[in-house]
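Here is the structure we will look at, set down as structure tokens.
Each reported figure results from applying straightforward, stated rules to the coordinates on display, with no laboratory input. No experiment lies behind these values; they were computed from the predicted model shown. Note that we place each Cβ from the backbone using ideal geometry, even for glycine, and neighbour counts take in every protein chain shown.
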Amino acid sequence: MREITIGQYIPGNSVIHRLDPRTKILITFAFMVLLFVIDDFTGYAFPAVFIIVASLLSGISLKYMIRGLRPLVVIILLTFVLNLFMIKGRVIYEVGPLDITYEGLHQGVFMVLRLVMLIVGTSLLTLTTSPITLTDGIESLLKPFSRVGVPAHELAMMMTIALRFIPTLMEETDKIMKAQMARGADFSSGNIVKRAKSLVPLLVPLFISAFRRADDLAMAMESRCYRGGENRTRMKQLRMTYADLVAFIATGLLAAGSLASRFIW
Amino acid sequence: MRRQNLSAFIEGALMIGIATILSFIKVFQAPYGGSVTLGSMVPIILYSVRHGAAKGVLAGTVYGLLQLVIEPYIVHPAQVILDYPLAFGLLGLAGLFGGRIYLGIPAGILGRFLSHLLSGVIFFASYAPEGMNALVYSAIYNGSYLLPELVISLLAVRFVLYRFIRKNEGSGDSG
């Protein structure tokens, strides 16, 4: 089957790739919260080292991860400029009616560092974990909440089927497009309204075939005795290993170090 | 899980699939995340109208998680929840009004808007200095891409996909 990659996953077999998805999700969340708790520059040395080590271990270059910042350049610049000009304090430079203050510069650099580390650090999760594995992790993490009515299994089942069928539906869209083009449909010319209108004969068959496919798939699953998440076994069990333990300990040390640094310096 | 139910869940999964594909077709990309797409919310909204708000919220949440996995835009721990699973989950509110799409569609998109609005306020509170009117900025920013998206969704459902609102249609051969 033709593989269409969605998401940012870079296949690999590094230690980070092989970590349990639950470990990676939990650590990513802890990392995000930590970045907001740290309130001085020395504290930031710890998450910075953490990112560099994780990148070395994962085999994904830091350069590649930093390239992921590109779509967020505007928001990073905006954050910097807002802080630079709007914080009152000791004026170090004047640009027309605006003052750049020492405090503003300090705060601006601090916020940009926080944002950059947040984006680069969290991207490591999606870069080293495939969407399907992430789904398994999410299901497993949500399972305890199914007691209070969170449909963990249904959620994961829908996500898995959606992921599985996105390439199929794309192919289908392509096929319908070609079929309509053979009948003289024109998808590529005209203004935006005209082009939107030309998509009408595309959407209707796409929805109809999706509804039909859903019926077929439900029947196929029923015939194979699918009956929901309870007591269901899986071929690939998620298992925590020593590597996961080490990852948790490293995160604990990271948190302790970055929080302790404020008392030492 | 009864057959009727299973079939509804799977229909939801396929609607999420179509929504994801439509979300790749961007008409306009806003600078800080968020974009006007080719009616990528329509499948979720339509599904909510067909199967009710509860299933709609579930499908929306899954769609949001999928967006998070595919194209993450993460700037704050609370923002991750507000901008992804919650915002898209609230689209399911479209199913609260039965077949009355002129109430349902705006309700769903309003739900999504409010979630993004709150997320924007939190973003400003944690990154920008004090003294900015975060609420107004966030409202204008999120409105700028959700309003066109609302119009596209209404037009798409009204003129193209109206026939699918009734549950028993669409899966037959009459299409």
note = With R₀ set to 56 angstrom, the calculated FRET efficiency between the beta-carbons of A:ARG67 and A:ALA196, to the nearest 0.05, is 0.95
message = I'd like the Karplus ³J(HN,Hα) series for region B:90-95: coefficients 6.51, -1.76, 1.60, θ = phi - 60°, whole numbers in Hz, and an x wherever there's a Gly or Pro.
response = 5, 4, x, 4, 4, x
message = Can you tell me the orientation of helix B:53-70 relative to chain B, as the angle in degrees between its alpha-carbon axis and the longest Cα principal axis, to the nearest 10?
response = 60
query = Which of A:TYR242, A:TYR102, B:TYR63 comes first, and how do the rest follow, when ranked by fewest Cβ neighbours within 10 Å?
reply = A:TYR242, A:TYR102, B:TYR63
ask   = Around A:THR101, which amide H atoms from residues at least 5 apart in sequence, or from another chain, sit under 5 Å from its own amide H, with H modelled in the peptide plane?
value = A:ILE92
query = Say we join alpha carbon atoms closer than 10 Å with springs in a Gaussian network model of chain A; which of A:ALA156, A:ALA214, A:ALA196 then has the biggest fluctuation?
reply = A:ALA196
key: For chain B, calculated [θ]222 nm from helices alone, where every DSSP H run of n ≥ 4 adds -39500 (n - 2.57)   = -20000 deg cm²/dmol
ask   = What fraction, in whole percent, of alpha-carbon pairs in the protein assembly as shown exceed 29 Å separation?
value = 52
message = Please compute the contact order of chain B in relative form: average sequence separation of alpha-carbon pairs under 8 Å and at least six residues apart, divided by the residue count, as a percent.
response = 21
ask   = Taking springs between alpha-carbon atoms closer than 10 angstrom, which of B:PRO106, B:PRO129, B:PRO77 fluctuates most in the Gaussian network model of chain B?
value = B:PRO129
request  = Can you put A:THR126, A:THR233, A:THR160 in order of Cβ neighbours within 10 angstrom, beginning with the fewest?
outcome  = A:THR233, A:THR160, A:THR126
query = Using alpha-carbon pairs under 8 Å, 6+ residues apart, how would you state the relative contact order of chain A in percent?
reply = 29
request  = Using label points projected 7 Å from each Cα along Cα→Cβ, tell me how many nm separate B:LEU155 and A:SER146, to one decimal.
outcome  = 4.4
task = Could you tell me the number of lysine pairs in the protein assembly as shown with C-alpha atoms less than 27 Å from each other, where the two lysines are 8 or more residues apart or belong to different chains?
result = 17
query = What list of whole percents do you get for P(r) of region B:29-166, with Cα-Cα distances grouped in 10 Å bins up to the one holding the largest distance?
reply = 13, 44, 31, 10, 2, 0
task = Go through region A:123-132 residue by residue and turn each phi into a ³J(HN,Hα) via Karplus (6.51, -1.76, 1.60, θ = phi - 60°); whole Hz please, and just put x for glycine and proline.
result = 5, 4, 5, 6, 6, 10, 10, 6, x, 5
remark   = Checking B:LEU14, B:LEU82, B:LEU91 against a Gaussian network model of chain B (alpha-carbon springs below 10 Å), the top fluctuating residue turns out to be B:LEU14
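List A:SER123, A:SER130 from most exposed to least, where exposure is judged by having the fewest other Cβ atoms within 10 Å. All intermediate terms of the calculation are to be shown ahead of the outcome.
Numbers: A:SER123 22, A:SER130 19.
Fewest-to-most Cβ neighbours within 10 Å comes out as A:SER130, A:SER123.
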